[in-house]
Amino acid sequence: MQWHAYLLLLVILPLAAQAEGSTAELDALALADSAVSKPQADSPLHGQLQLSRWQGSHWQGFASVRLDSVLQPGLRAVLANRLDLRPLAGGPAQVNSLQEAYLSWQASPGLALDVGRINPRSGVARGFNPLDVWRDSGLRAATSADPASARDNRLGVVMLRAQQLRDGGSIGVLLAPALARAANPAPWSPDWGSSNRRERWQLQASAAGSGSLRTQWLLAGGAGEALQPGVAASLLWGDATTLYGEASASRSHDLAGGGAHRWRALAVAGASYTTAGKLTLAAEYHHNGRALSQAAWGQLSGRDYGQYRQQASQAALPATRQQLFFYADWQDFLRPQLAATALLRHDLADHSRFTRLSLRQQGERSALALSHEWGHGRPFGHFTTPARWQLAADWYF
Amino acid sequence: MRNALFTLLLAAGLAQAAPDAQQLLAASDAIRNPGQSFSLDNTLIEYRNGREQGQTQLQIYARPASDSGQYRNLIRFLAPLRDAGKLMLKNGNELWFYDPASKASVRISPQQRLLGQAANGDVMTVNLARDYRARLDGEEIIQDGERQARASYRLVLQASHDDVTYPRITLWVDAANSRPIKGQFYSDSGRLLKTAYYRRFQLQLGVQRPSETVIIDGLDPGWITVMRTGNLAARDIPEAWLQRDYLPRFRVE
């Protein structure tokens with residue numbers, strides 16, 4: 001390089017450097033200079049308090065705690081409990097749900113044994129999980145029509161669980177004894193009868209398929225129960241879409257205890273898509289082969305209707321053969337930390353609908369949510385929720 | 001005059017034989033990441049238009065995959081408290097999100113992952129040389145994160161496969177020691193998604209590494225994230241940890 005070229009560099013390069021750091025970037029660096037970190041201690045105990053009120057109802061609330069503590073290397077204790085409070089609503093003023101209480105021993109990096117009340121989860125769908133054979137373990141306080149709420153707040157099942165992990169998958173066995181014959185509605189009862197009314201077992205395996213395909217396999221059974229095989233799969237499609245499906249089947253009568261004793265399937269097919277604008281959309285098709293036919297469902301009314309709905313509720317299964325489920329979640333909607341969610345359930349048998357819209361402003365350790373939900377359809381239809389508003393305040397610790 | 005002389009010498013140095021872009025990128029990767037399994041603490045402070053919006057605190061466990069050499073990450077949330085205990089598993093484009101309250105492991109797409117602050121960890125724990133072809137695009141004196149003029153190589157990185165978060169990156173590395181100075185991360189359509197300044201270099205695991213990254217959103221320059229890393233430690237991350245079925249069991253001892 002010639003001397004005049006160096007001279008040129010001497011003049012030009014510092015100017016170029018000045019231009020490179022744009023004002024916005026310099027402002028960002030100045031802001032970062034003054035940033036103060038507020039470290040959060042790693043606690044084994046976390047919880048949530050909620051106070052809420054439905055339109056036309058009384059204030060109610062719940063307190064939930066979760067303890068996940070290492071007792072010694074390789075040995076954990078897990079406790080999850082929820083106390084629902086409805087002091088003015090009539091009925092029990094409080095209902096306690098001992099959701100989980102178990103010890104977990106990690107015998108080696110790949111082998112684990114758990115014993116106690118456990119809430120195992122299987123499946124990949126959001127609205128309904130055919131692989132979730134423990135779905136009827138007992139929900140002591142139903143507070144929302146969102147299926148995720150019923151799944152999250154139910155009782156676990158007392159069981160022994162062993163799991164062998166290997167690269168890309170695992171195999172496991174779950175054994176649950178019978179502990180009591182009937183549910184115990186007493187407010188502070190651990191309610192072993194709801195969760196462990198009969199002996200049950202489950203074998204499960206998961207594996208990585210080709211490409212982005214991931215699968216779960218399951219075989220379940222128990223005292224007085226038919227064998228129930230099941231499979232779930234998920235797949236990534238492009239950068240923003242996941243596709244998933246799950247199905248199980250067993251030989252049984254319909255939910256009302258009638259109909260032919262034959263193979264009946266539970267199935268879900270769904271997809272989830274996320275936009276660059278922070279909006280996630282999910283759509284699912286749900287099939288319940290144990291539900292009444294469309295014609296039989298259409299003829300139900302009065303006491304028969306109530307009895308059948310109770311049977312479906314106890315089995316934690318949809319009351320009709322086919323539904324559509326839509327879910328939307330929009331983060332930073334209109335302003336930072338404000339989330340808008342929408343949930344729509346549409347019954348294909350009677351064309352009834354349930355809709356729930358929510359706005360949720362989130363803080364560091366609190367949240368305030370306003371929701372509106374309503375049902376639309378004929379009397380004795382699937383979704384009969386009256387229109388109502390709900391205000392809820394949450395505090396996390 | 002001393003500054004002028006320094007600049008002159010620097011320019012002369014830059015004028016010599018052009019270095020290999022891919023080697024520069026690999027050297028820069030080695031400064032951001034140790035070439036082994038490790039854990040670190042990550043605090044992200046988010047600002048909108050100068051106002052702090054909140055802090056996210058993460059623990060990141062990373063293990064290089066035996067086949068691709070790319071890091072497989074297990075990310076644990078400590079704060080905000082509403083997210084405490086949640087986990088995210090990243091194994092290439094296979095992503096799972098676990099919530100201890102629901103016990104659910106939900107599969108998410110790469111796009112969905114970008115919604116959360118955990119995605120900003122990518123500007124740290126990614127082996128760029130494994131996934132990108134680097135081209136030396138020029139030699140430049142730019143302002144670094146400490147607002148000092150620094151002689152640098154400007155590298156243009158083009159993704160060599162589809163399983164990456166950012167198809168194209170422009171990266172400036174220090175001409176003297178290959179330290180990363182600044183990165184610009186682009187979408188498929190060429191849109192600038194984020195700009196990152198690597199700064200506050202400290203001795204960690206025997207190498208001067210950036211302890212702070214300032215991330216500026218490409219669409220909204222008023223959206224700024226300050227990411228601070230600490231407690232970088234070599235750590236054995238068992239293979240069994242890095243799969244969906246382990247997420248309900250994960251607990252740091």
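Summary table
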| item | result |
| --- | --- |
| Residue in segment A:38-54 that is more than 30 Å from A:P187 (Cα to Cα), among the charged types (D, E, K, R) and surrounded by fewer than 16 Cβ atoms within 10 Å (Cβ to Cβ) present | yes |
| Search result, residues across segment B:183-210 that are among the charged types (D, E, K, R) and either in a strand (DSSP E or B) or touching a strand residue (DSSP E or B) at 6+ places or on another chain (Cβ under 8 Å) (or both) | B:K194, B:R199, B:R200, B:R209 |
| Flag if B:I60 is touching a Ser or Thr at 6+ places or on another chain (Cβ under 8 Å), on the phi < 0 side of the Ramachandran plot, surrounded by fewer than 22 Cβ atoms within 10 Å (Cβ to Cβ) and not acidic (D, E) | no |
| Residue match in segment B:229-251 (condition: touching a Lys or Arg at 6+ places or on another chain (Cβ under 6 Å), without any contact (Cβ under 8 Å) to a residue 40 or more places away in the chain and more than 8 Å from chain A (Cβ to nearest Cβ)) | no |
| Identity of the residue in segment B:65-74, away from chain A (no Cβ under 14 Å) and part of a strand (DSSP E or B), that ends up surrounded by the fewest Cβ atoms within 10 Å (Cβ to Cβ) | B:N73 |
| Pair list, Cβ < 7 Å and 6+ apart or interchain, from segment A:143-159 residues that are without any contact (Cβ under 8 Å) to a residue 24 or more places away in the chain to residues that are of a type in the set (K, R) | A:A148/A:R126 |
| Number of positions in segment B:211-228 that are within 18 Å of A:L26 (Cα to Cα) and either part of a loop (DSSP other than H, G, I, E, B) or more than 10 Å from chain A (Cβ to nearest Cβ) (or both) | 5 |
| Among (1) hydrophobic (A, V, I, L, M, F, W, C); (2) surrounded by 16 or more Cβ atoms within 10 Å (Cβ to Cβ); (3) at the interface with chain A (Cβ under 9 Å from one of its Cβ atoms) - the single one B:A175 does not satisfy | (3) |
| Strands (runs of 3 or more DSSP E) (entirely within segment A:95-177) containing at least 3 residues that are in contact with a Pro (Cβ under 8 Å, 6 or more places away or on another chain) | A:157-166 |
| Every residue from segment B:34-64 that is more than 9 Å from chain A (Cβ to nearest Cβ) and farther than 30 Å from A:L49 by Cα | B:P34, B:G35, B:Q36, B:S37, B:F38, B:S39, B:L40, B:N49, B:Y61, B:A62, B:R63, B:P64 |
| Test result for A:L29, under 30 Å from B:V226 (Cβ atoms), of a type outside the set (F, W, Y) and either surrounded by 15 or more Cβ atoms within 10 Å (Cβ to Cβ) or over 26 Å from the mean Cα position of the chain (by Cα) (or both) | yes |
| Condition check for B:E139: over 17 Å from B:L25 (Cα atoms), of a type in the set (D, E) and assigned to a strand (DSSP E or B) | no |
| Residue within segment A:307-328 that is within 19 Å of the chain's Cα centre (by Cα), closer than 30 Å to B:L78 by Cα and in a strand (DSSP E or B) present | yes |
| Test: A:S212 is surrounded by 17 or more Cβ atoms within 10 Å (Cβ to Cβ), in a loop (DSSP other than H, G, I, E, B), within 14 Å of chain B (Cβ to nearest Cβ) and among the small types (G, A, S) | yes |
| Contacts under 8 angstrom Cβ, first residue in segment A:379-397 being within 14 Å of chain B (Cβ to nearest Cβ) and free of Cβ contacts under 8 Å to residues at least 60 places away in the same chain, partner crowded, with 19+ Cβ neighbours inside 10 Å and in a loop (DSSP other than H, G, I, E, B), 6 or more apart | none |
| Residues of segment B:18-41 satisfying the condition of being over 15 Å from B:L232 (Cβ atoms) and of a type in the set (A, V, I, L, M, F, W, C) | B:A18, B:A21, B:L24, B:L25, B:A26, B:A27 |
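FYI, it's all coordinate maths here, none of it is from the lab. All figures in this text were calculated on a predicted structure; none of them were measured in a lab. When we count neighbours, we look across all protein chains shown, and the Cβ atoms used for this are built from the backbone with ideal geometry, even at glycine.
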